[in-house]
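Notes to accompany the following structure.
The values are calculated or read from the model by the stated rules, or taken from the named source; none is laboratory data. All values derive from a computational prediction rather than experimental measurement. All Cβ positions, glycine included, derive from the backbone under ideal geometry; neighbour counts span all protein chains shown.
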């Protein structure tokens, strides 16, 4: 890693000030906030990011709480660890998909330290991005090398000019739970629905979300809903022991007393630069029972518009399988 | 031996050949012995080269080429040298030199911390003239491909043809009358050793005449010539040490370029230097296992005879020639035409990788055998047996088939109802090995009874220390805890280089001879105390006895001189042999809706003559199966053809198997029907057949024949689409 | 194939500077021209210290390692792993540097009894926490049940992954004294072994659980 200044922040306000006051010639030198550091440090070790200052958020009190319940909705501090999220009784019972998503991430060693905020803000896994000596489009160069190169793990939806897939499992699941992301920064606090938090590369290929300079995620809220308790996260990994998702699917369903679908949420992960919500597939389920036919139809619709690159057409049948399996597991209340 | 009256016409009888005795009559050998070094390896007290810290030690770091092919147009180390804490730097290339692969070392620095060394490497100012490259075999063989070896007349279109054997026309004729013909190309990618301990050398030199070099290497004695030359010292003033090493698998010999650069830095700085490769460097400049491209046309008759094989083999070894075992591997064919060569690319040269050339050759041939069997509608196991003559293979196949439950297998792929499909596959391997006379073992017995056996040889994790102790303890009638060992130091007796599965066969006989020599010496001294002849003295139960009298070990040793005794042992013939076989069976479950392949059960059978330590042999067999899972399902270097770089040079993206890739049951079986009373090394043979067995099981499960490893989910899904 | 006009990804350099042309450490803290590790450290208030004050350069800290207070001088960028292995004297070398990216588990240590990657902790960030390395779990003279079970079941070959596995499993058994084999696998999936000793590692873990 390059040398940097380290500051233990005492409050969100001071953290923002500590981030804002460092000027950087280049984007990758900007001051960075750090919580668990499990992704930030890997980018710093290879000098993908070379922040002049790292601001420790863990010394801020009150950012790591998990509060609320099924009837009030949840408020999860950005510094809550993945280990805390996967085992929290309120989450495992009433927001099970979120617990499953947290549990599916990486390994015990990582989850003991990694946090909600860091997981949402982690950088992509595209190997061209991660290779220190390749200046791809996202890093300020002029070519996305995955587009015509080794793109087995890249996007089949929403891609262009960068074809990364978003790596966060929590993001995909939270998108299915209608979450809201609370941000604070030099211009003060603001809330952003998760569907607007992540951004497509067509907006700005060098970032993955709406955070502006010196802004940090402080909390995520998940509203009470009739479908949160009936949620699931299905993640397929090429290597089960340790891997990012090859494809993932988050689903949540509210069933009416007659077992037909009243509300549905369906989001695909690892297929697009953002969590890929599929409203057409959701709409097709409304009013229908969850059976093989309706599930199959939804799975087909979910992949509508998919444009595979040379090496990733397999993601289409794989994503359909995961959608089917996710919805199948929600057949009964 | 009966006494004979000396006679002018009778030659003295030759000494009885040395023998270990029947395999089932050992007290310690051929039993399950915990490793004698486990207390150190489990408590962080085993010191690997990577752990060595000496006073004043600097940390080295290498700058390597980011390009597959480039000329250096300028090189300026001074910005690095200006950084506080950077002590020295050395260039390995000159302006005008050409770099020929991503990873080609350019320069090295030494600094007081690893962090500052990394700063220094980033500060070096290099300018390149980027040249065209070819980093895939397909690109390399094109007529307009840039030549990797432009001046080598033996290379055309980056292809080096080696030899050809047999007559192609005869084979073509034979194919005409075959009942089943398979024409297939098989590919395996470049693989990586992925030793957990990266290549590392610590050069403990501070100017002057002597140096000690710690190096993670497969040959203790291979350290000294490299280091002495680089340091400009006489060899006898350089000590090489490798007491523990974190894996070699064929990639580590001598001190490597990293060790040489460490030596130069150390010389320049007048201070010790530790040079450990970082993981990305390890992937692109520390060797790899060559890939393969094999094109078959083969035929069989309906009675299950393999009648004709036409095979073109190419080893893909980057700058190197790679290696590829010959075809039709273990099987007998009526007529064979085989041509073999290498395709060169702008990639770092391959190095031996555990049974070099065999796993890829086995994968191709065993896939081919299966494909022919299915075409004949014959049980692939039966088809194999009809084309094997070696008893060991036949009985190993039978045993494996029984253990895995081959009888549960369906001849029709995809027969299991539902999306989760089960299948079975098998494969065989063959290896040489053996042992030679390089090892000189020293055995000391002290007057207080302490026993110490030593040899400069090394232990890659194979269990060398443990069998050294066991051989001595068994020979002298002692417990394992009575014998101490020393290895991995050039101040000890000569040791062999660990390669080819020859260490056990080279070292254990020398240890036995040393132990026998010790017995002879002790017997001479103790016999008079027992009122017996030396030839009557027996060493057993921690006692030395004869003539109805016994002394316990410590009492007996009191009869030794004050300095104890010291004997040497060298290898003698008869105690080791080459010639290992091996078979592997796999049962897999393929999720046809996701493409996921899970190995459910895996069985490896290995013959090894006399197993010195059953626990260690079993672990080797397990290890081969685990690496086979990686080769079959997960591993392979991925190159970006345009950029000329390896895109998956990390442990996240080059995927070695972990806990969840393990089958429910993994069963290592020692083939005790091999009653050879000789040590046959098994470091490599168990890693040969597993990947092939898995590939065949996948086809049996779901009907998708993947001819290019690894068999990843995308290939299954696209194969089923 | 060669197009000298085309912007080369490596020569444009990320952030539009030449990749291999660094600018040293300009503008970030003070460096002196003597041996940094011998330089008298600044005298900051003891860490952990939430003062909002940025710190840089060489910092003297005390880490609680295996029940002992260990002084060490580090920079902010020094990982816990490197602090243990390189900066400390005598060094602690049980946790290994294998991948340095949190992808192999060779550097596993216990932080307040929980397994974490030593290579992905900054040393200054773990001041005040309880750090346990494999050396603190047992010694050759007094092996822990996990370490003894590893020996009995031959759960190691080269041994380079072993310290990490022993540490992960020790952490597991603290939290879950009676795991199933599947739970052992899940707990250890962050630890990788190239020699292929996994099956025996699982047996050793289950044996050790019984022994407690």
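What to note about this one:
- In the range B:517-582, counting only strands (runs of 3 or more DSSP E) that sit wholly within it, the ones holding 2 or more residues that are touching a strand residue (DSSP E or B) at 6+ places or on another chain (Cβ under 7 Å) span B:543-546, B:549-552, B:565-570, B:578-580.
- Just one of the listed residues (B:451, B:441) is surrounded by fewer than 24 Cβ atoms within 10 Å (Cβ to Cβ) and on the phi < 0 side of the Ramachandran plot, and it is B:451.
- Of all the numbered requirements in (1) part of a strand (DSSP E or B); (2) surrounded by fewer than 24 Cβ atoms within 10 Å (Cβ to Cβ); (3) in contact with a helix residue (DSSP H, G or I) (Cβ under 8 Å, 6 or more places away or on another chain), residue B:328 misses one, and that requirement is (1).
- Some residue of the range B:149-169 being at the interface with chain C (Cβ under 10 Å from one of its Cβ atoms) and modelled with pLDDT of 95 or more: no
- Condition met for residue A:63 (more than 9 Å from every other protein chain (Cβ to nearest Cβ), farther than 20 Å from residue C:51 by Cβ and surrounded by 20 or more Cβ atoms within 10 Å (Cβ to Cβ)): no
- Candidates B:264, B:229 - the one that is touching a strand residue (DSSP E or B) at 6+ places or on another chain (Cβ under 7 Å) and under 24 Å from residue B:89 (Cα atoms): B:264
- Top-ranked residue of the range B:590-610 - restricted to ones that are touching a helix residue (DSSP H, G or I) at 6+ places or on another chain (Cβ under 7 Å) and within 13 Å of chain C (Cβ to nearest Cβ), ranked as surrounded by the fewest Cβ atoms within 10 Å (Cβ to Cβ): B:601
Residue-wise test of (1) more than 27 Å from residue B:697 (Cβ to Cβ); (2) in contact with a strand residue (DSSP E or B) (Cβ under 9 Å, 6 or more places away or on another chain).
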{"site": "B:601", "(1), (2)": "no, yes"}
{"site": "B:610", "(1), (2)": "yes, yes"}
{"site": "B:622", "(1), (2)": "no, yes"}
{"site": "B:625", "(1), (2)": "no, yes"}
{"site": "B:632", "(1), (2)": "no, yes"}
{"site": "B:635", "(1), (2)": "no, yes"}
{"site": "B:645", "(1), (2)": "yes, yes"}
{"site": "B:655", "(1), (2)": "no, no"}
{"site": "B:659", "(1), (2)": "no, no"}
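- Residue match in the range A:310-320 (condition: assigned to a strand (DSSP E or B) and either surrounded by fewer than 23 Cβ atoms within 10 Å (Cβ to Cβ) or out of contact with any helix residue (DSSP H, G or I) (no Cβ under 8 Å at 6 or more places or on another chain) (or both)): no
- Only a single criterion out of (1) away from every other protein chain (no Cβ under 13 Å); (2) surrounded by 19 or more Cβ atoms within 10 Å (Cβ to Cβ) is not satisfied by residue B:93, namely (2).
- Within the range B:615-652, the residues that satisfy the criterion of being more than 7 Å from every other protein chain (Cβ to nearest Cβ) and assigned to a loop (DSSP other than H, G, I, E, B) are B:635, B:636, B:637, B:641, B:644, B:649.
- Which numbered condition residue A:118 fails, given (1) buried (at least 24 other Cβ atoms within 10 Å of the Cβ); (2) assigned to a loop (DSSP other than H, G, I, E, B); (3) more than 10 Å from chain C (Cβ to nearest Cβ): (2)
- Screening residue A:23 against (1) more than 9 Å from chain C (Cβ to nearest Cβ); (2) at pLDDT 95 or above; (3) part of a loop (DSSP other than H, G, I, E, B) leaves a single unmet condition, (2).
- Under the condition of being in a strand (DSSP E or B) and more than 30 Å from residue B:720 (Cα to Cα), the residues counted in the range B:411-461 number 14.
- Qualifying positions in the range A:144-160 - under 15 Å from residue A:270 (Cα atoms) and either within 11 Å of chain B (Cβ to nearest Cβ) or touching a strand residue (DSSP E or B) at 6+ places or on another chain (Cβ under 8 Å) (or both): A:146, A:151, A:152, A:153, A:157, A:158
- When every residue of the range A:139-155 is checked against the conditions, at least one turns out to be surrounded by 22 or more Cβ atoms within 10 Å (Cβ to Cβ) and under 30 Å from residue C:183 (Cβ atoms).
- For the range B:132-171, a tally of residues being touching a strand residue (DSSP E or B) at 6+ places or on another chain (Cβ under 7 Å) and in a helix (DSSP H, G or I) returns 5.
- When restricted to residues that are more than 9 Å from chain B (Cβ to nearest Cβ) and over 18 Å from residue A:235 (Cα atoms), the range A:301-319 contains 8.
- Helices (runs of 4 or more DSSP H) contained entirely in the range A:35-110, each with at least 3 residues that are free of Cβ contacts under 8 Å to residues at least 60 places away in the same chain: A:40-45, A:82-87, A:89-94
- Residue list for the range B:117-131, filter: in contact with a strand residue (DSSP E or B) (Cβ under 7 Å, 6 or more places away or on another chain) and either more than 7 Å from chain C (Cβ to nearest Cβ) or surrounded by fewer than 24 Cβ atoms within 10 Å (Cβ to Cβ) (or both): B:117, B:118, B:120, B:121, B:124, B:125, B:127, B:128, B:129, B:130, B:131
- Restricting attention to the range A:321-333 and to residues that are in contact with a helix residue (DSSP H, G or I) (Cβ under 7 Å, 6 or more places away or on another chain) and crowded, with 18+ Cβ neighbours inside 10 Å, the residue that is farthest from the other protein chains (Cβ to nearest Cβ) turns out to be A:327.
- Taking the criterion of being buried (at least 21 other Cβ atoms within 10 Å of the Cβ), facing another protein chain (nearest Cβ under 7 Å) and part of a helix (DSSP H, G or I), the only residue of the range A:1-20 that qualifies is A:18.
Condition check ((1) under 19 Å from residue A:170 (Cα atoms); (2) in contact with a strand residue (DSSP E or B) (Cβ under 8 Å, 6 or more places away or on another chain)) across all residues:
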residue: A:212; (1), (2): no, no
residue: A:215; (1), (2): no, yes
residue: A:225; (1), (2): yes, yes
residue: A:234; (1), (2): yes, yes
residue: A:251; (1), (2): yes, yes
residue: A:254; (1), (2): no, yes
residue: A:265; (1), (2): yes, yes
residue: A:270; (1), (2): yes, yes
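- Test result for residue B:134, within 14 Å of chain C (Cβ to nearest Cβ), touching a residue at least 40 places away in the same chain (Cβ under 8 Å), surrounded by 24 or more Cβ atoms within 10 Å (Cβ to Cβ) and over 30 Å from residue B:190 (Cα atoms): no
- Selection from the range C:61-70 of residues that are farther than 21 Å from residue B:113 by Cα and in a strand (DSSP E or B): C:64, C:65, C:68, C:69
- Residue in the range C:71-93 that is within 8 Å of the chain's Cα centre (by Cα), within 7 Å of chain B (Cβ to nearest Cβ) and outside any loop (DSSP other than H, G, I, E, B) present: yes
- In the range B:678-714, the residues that are farther than 30 Å from residue C:168 by Cβ and in contact with a helix residue (DSSP H, G or I) (Cβ under 6 Å, 6 or more places away or on another chain): B:679, B:681, B:688, B:689, B:692, B:695, B:696, B:704, B:705, B:706
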